[in-house]
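Colleague: Quick one: the structure is below, and I'll ask about it shortly.
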Amino acid sequence: RRQFASLAMGASFIAALPPVANAAATKESKVEIKTPDGTADAYFVHPASGKHPAVLVWPDIFGLRPAFEQMAKRLAESGYSVLVVNPFYRTKKAPVAAEGANVVVNDIGTSLGGEGRDTSAADAVVAEINGSGGRAIANYEDITDWDAAKRIVDAALAAFGDLHVVVNNAGIVRDRMFVSATLDEWDATMHVHLRGHFCLARHAVNYWRVKQKDGRDPDARIINTSSGAGLQGSIAQAAYATAKGGIAALTLVQAAELGRYGITANALAPSARTRMTEQAFAEKMATQGAGFDVMDPANVAPTVVWLGSAQSAHVTGCVFELEGGKIMLEDGWREGPFVDQQARWQTAQVADVVDRLLAERVPPRKVWGTA
């Protein structure tokens, strides 16, 4: 049984997977799910000997729709029963089906800039899940508040009895050229991205550490969300890029420190169509005809699911860039060309050395938005 917690725009998603029996053989079937918005096609795969269905649910509000059928088969081979809903076949609004799953949806309902409060976002997701046969409750805690973040973890434990995976995806944007950036915008961006990533994971780690000391292997996962902006910079996003770069560094430290407790930490830098990216990169995020939709956020879901599974226990301290059908492992900061003369340099010597190093280095990736 694995529980998932995910954050987006100050929102969280927590689901419990009931225990299932291990089985090599699987059964597949096509089913229909009646929802308040119409009928959704679905694909159901489960172990031949399994008795307890389990579901992975990715609400559209988080930019993560249900995993593909291929991922369902792989999970079924490991003993999970998985229901994959493909809502866009015959319904405009994506239902969130949760047969056998328990879900806590946390969302304070802010704007892209982090302003305002609106409980309707969480309520709508809960209504979709319950309307599709699942069980869900709403929660409106602020993930940047230390005590509130603990209450989110406590809510998951009270509802499901355990927690295995935290997916940190909370973020806001305050796009501004650096010469026009304000202190308030800078602080607000750091607050949500960095403090938000810290608070929930820190409380989850407290729980997992106690669990490990009690002799129970947490087999836990932290999945953070960085960005291409954080890995290579982005014009007019100094605060956002800085925060996302910090999240990548945080992931490396978490991986190095938490492995002893049975916890892995990895980060994603996804490129997909969300409320945030549609405004910042409208042309890039536009739907392109009837072919493979490279920017469909559903493309990201299989990697998130896999990183949250027991199969990923050997992977930690990695950052993956995801776009369409591409999964790319970031190589990180590595030592490049160098010169060591075993003595102090004179100022007049430095220019020639630096020019030589620049000529020998691997060309860096361009900052987003530059020619």
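Colleague: Quick check on my filter: what residues within segment 198-221 are closer than 16 Å to VAL304 by Cβ and either among the small types (Gly, Ala, Ser) or at pLDDT 95 or above (or both)?
Modeller: Residues satisfying the conditions are ALA201, ALA220.
Colleague: Might you let me know whether segment 228-246 holds any residue that is assigned to a strand (DSSP E or B), of a type in the set (Val, Ile, Thr) and modelled with pLDDT under 95?
Modeller: Within segment 228-246, none of the residues are assigned to a strand (DSSP E or B), of a type in the set (Val, Ile, Thr) and modelled with pLDDT under 95.
Colleague: Confirm whether VAL353 is β-branched (Val, Ile, Thr) and in contact with a helix residue (DSSP H, G or I) (Cβ under 7 Å, 6 or more places away or on another chain).
Modeller: No.
Colleague: I'm trying to understand the selection: among the residues of segment 118-144, which are at pLDDT below 80 and part of a loop (DSSP other than H, G, I, E, B)?
Modeller: Listed by number, the residues that qualify are SER132, GLY133, GLY134.
Colleague: Among the residues of segment 161-184, are any in contact with a Lys or Arg (Cβ under 6 Å, 6 or more places away or on another chain), among the polar types (S, T, N, Q) and within 30 Å of VAL315 (Cβ to Cβ)?
Modeller: no
Colleague: Which residues, taken from segment 127-179, are surrounded by fewer than 22 Cβ atoms within 10 Å (Cβ to Cβ) and of a type in the set (Gly, Ala, Ser)?
Modeller: Those that are surrounded by fewer than 22 Cβ atoms within 10 Å (Cβ to Cβ) and of a type in the set (Gly, Ala, Ser): ALA127, GLY131, GLY133, ALA138, ALA148, ALA155, ALA158, ALA159, GLY161.
Colleague: Right, something else. Note down all Cβ pairs under 6 Å where the first residue falls in segment 190-216 and is crowded, with 21+ Cβ neighbours inside 10 Å, the second is among the aromatic types (Phe, Trp, Tyr) and part of a helix (DSSP H, G or I), and they're at least six residues apart or on different chains.
Modeller: Hits for this filter: CYS199/TRP146; TRP208/TYR261.
Colleague: Within segment 285-344, how many residues are aromatic (Phe, Trp, Tyr), free of Cβ contacts under 8 Å to residues at least 24 places away in the same chain and more than 26 Å from ALA256 (Cα to Cα)?
Modeller: 1
Colleague: Counting only residues that are touching a strand residue (DSSP E or B) at 6+ places or on another chain (Cβ under 6 Å) and among the small types (Gly, Ala, Ser), which one in segment 263-276 is surrounded by the most Cβ atoms within 10 Å (Cβ to Cβ)?
Modeller: ALA267
Colleague: Which of the residues spanning segment 303-357 are at pLDDT below 95 and among the hydroxyl-bearing types (Ser, Thr, Tyr)?
Modeller: If the condition is that a residue be at pLDDT below 95 and among the hydroxyl-bearing types (Ser, Thr, Tyr), then THR303, SER309, SER312 are the ones that fit.
Colleague: Follow-up question, since we're still on this one. What pairs come up if the first residue lies in segment 145-168 and is touching a residue at least 12 places away in the same chain (Cβ under 8 Å) and assigned to a loop (DSSP other than H, G, I, E, B), the second is surrounded by fewer than 16 Cβ atoms within 10 Å (Cβ to Cβ) and not β-branched (Val, Ile, Thr), and their beta carbons are under 8 Å apart, counting only those six or more places apart or on different chains?
Modeller: Hits for this filter: ASP162/ARG1; LEU163/LEU157; HIS164/ARG1.
Colleague: If you take the residues in segment 169-195 that are touching a Gly at 6+ places or on another chain (Cβ under 7 Å) and not aliphatic (A, V, I, L, M), which one is modelled with the highest pLDDT?
Modeller: HIS193
The values are calculated or read from the model by the stated rules, or taken from the named source; none is laboratory data. Remember, predicted model here, so these are calculated numbers, not experimental data. Ideal geometry is used to build each Cβ from the backbone, glycine not excepted, and the neighbour counts take in all protein chains shown.
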